[in-house]
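Every read-out reported here was derived from the displayed coordinates using simple, explicitly stated rules and does not represent laboratory data. All of these numbers come straight from a predicted model, not from anything done at the bench. Glycine gets a Cβ as well: all are built from the backbone with ideal geometry, and neighbour counts include every protein chain shown.
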Amino acid sequence: MRQGHDRIVLALHGELDLLAAPLLRSELESERAHAAEILVLDLDDVQFIDSAGLRVILAAHEHATEHRQRLALTPGSPQVQRLLSIAGVNGHLRTIASADAALV
């Protein structure tokens, strides 16, 4: 986790699966993550996401919406992009080019 002037960036690596999803959930539930105006999930180094990982991302999106926090994702690998597209959620999740890109 790294903190910028207006955001917290969680840089994820490898696979966001049944084993890794609880770790991400724990980070997302931290006080620092809850206090951030903008929360960015940097998926650039993620090669695979399963349904458990997707549930954590969707729960983060729901939490952010309910608490007037902005959530954004970086695109991730083609597999990650494909999963989000197949699940029909890519249109609901804000995607930015890089973890430091401006959110409009």
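What to note about this one:
- DSSP beta bridges in the chain [antiparallel fraction, %, rounded to 5]: 10 percent
- Kirkwood Rh in Å, taken over all unlike Cα pairs in the chain: 13.4 Å
- Approximate spin-label separation residue 1-residue 70, in nm, with each point projected 7 Å along Cα-to-Cβ: 2.0 nm
- Value of [θ]222 nm, deg cm²/dmol, for the chain, DSSP H segments ≥ 4, -39500 (n - 2.57) each, nearest 500: -10500 deg cm²/dmol
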